[in-house]
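So the structure is just underneath, and the comments pick up after that.
Derivation of every value follows stated rules applied to the coordinates shown; laboratory data play no part. Small disclaimer: the values here were computed from a predicted structure and weren't measured. A quick note on method: Cβ atoms are made from the backbone with ideal geometry, for glycine too, and the neighbour counts reach across all protein chains shown.
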Amino acid sequence: MQTPSQALLSNPVQASQHKHWVRWILYLAWFTIGYNLLEGVVAIGFGVSDDSVALAGFGADSMIEVASAILVLWRFQSESKQQLMPSINRERRATMGIGVLFICLALGTTVASLTQLKGGSHPSTTLSGLVISVASLSFMFFLWRAKTKAAKALDSATVMKDAACSLACIKLSIILFAGSLLFVVYPSLWWIDSIAALGLALLIAKEGVETVSAARKPDFSGGCGCPTR
């Protein structure tokens, strides 16, 4: 039984469009890796120098985004170079891998938040947090929209979950931005971003468990389960 993606390749015109979208998602994956490596290193560096657990944790979360993009590269690289038909096995493994990364992201966010709450710590300055979160929001919003569009065009669960990973990063950026801003105005609310992050961690963990569970099902088709228009 063919997947929707495999059926598309039987039409020359649609096969050409599929090739275009595969190239595009590979470009997006490489951009994601490059940007998040830079963001992660900078955020961790400022987190250590400013004594900000939230900022250092945000930098570590960027590495989860890098790992997710690497899985997308692994999923589509051979298909792009060797003109292979879409592989259900690769789609399943990559989707499952991203699900595991969601769980790791949830655990990392939880640990960072609890550490900050337990220590009653807050950054000595919030300028770096504001700058990094604004930069992240601008780039990650573009990546999320572009990946979601590509996921629908390719009917790929892997790409859709990678887009969801970018969306999680956007939400964490919003929490970092709001927390940094609130600390400037109301220093007594230093704890609020950690509480918000804990709530988000629960949602991220839920998505991770559901993603792994869906990828393990015998009837997993590899499709994103979304309309193409």
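For the range 61-195, what is the charge dipole size about the Cα centre, in debye to the nearest 20, if Lys and Arg each add +1 at the Cβ and Asp and Glu each add -1 at the Cβ?
In debye, rounded to 20, the range 61-195 gives about 360.
Can you sort Met96, Met140 so the residue with the fewest Cβ neighbours within 10 Å comes first?
Going from sparsest to densest Cβ surroundings: Met96, Met140.
Order these by the 10 Å Cβ neighbour count, fewest first: Arg92, Arg23, Arg75.
Arg23, Arg92, Arg75
Using a ≥ b ≥ c from the Cα gyration tensor of the range 119-229 (square roots of the eigenvalues), is it rounded, prolate or oblate, where a/c under 1.5 gives rounded and otherwise the larger of a/b and b/c decides, a/b for prolate?
It is oblate, given that a/c is not under 1.5 and a/b is not larger than b/c.
If you look for lysine pairs in the chain that are eight or more places apart or on different chains, how many of them have Cα atoms under 20 Å apart?
14
Using only the alpha carbon atoms of the range 10-216, find the Kirkwood hydrodynamic radius as the inverse mean reciprocal pair distance, in angstroms to one decimal.
17.5
Just going by the charge dipole of the chain, with Lys and Arg at +1 and Asp and Glu at -1 on Cβ, which of Phe177, Ile132, Met63 is farthest out on the positive end?
Positive-most Cα among the choices belongs to Met63.
Run the numbers on the range 10-216 and let me know its relative contact order in percent, using alpha-carbon pairs under 8 Å that are six or more apart.
Working: 282 pairs, mean separation 58.3, N = 207.
Reported relative contact order: 28 percent.
Sorted from fewest to most neighbouring beta carbons within 10 Å, what does the list Val209, Val53, Val184, Val66 look like?
Neighbour counts put them in this order, fewest first: Val184, Val209, Val66, Val53.
Return one number: the angle in degrees, 0 to 90 and rounded to the nearest 10, between the long axis of the Cα atoms of helix 88-119 and the longest principal axis of the Cα atoms of the chain.
So the inclination is approximately 0 degrees.
Let me know the charge dipole size of the chain about its Cα centre in debye, to the nearest 20, where only the beta-carbon of Lys, Arg (+1) and Asp, Glu (-1) is charged.
With Lys and Arg at +1 and Asp and Glu at -1, about 820 debye.
Pick out, from Ile204, Trp144, Cys104, the residue whose Cα sits farthest towards the positive end of the charge dipole of the range 10-216, with +1 on the Cβ of Lys and Arg and -1 on the Cβ of Asp and Glu.
In the range 10-216, that residue is Trp144.
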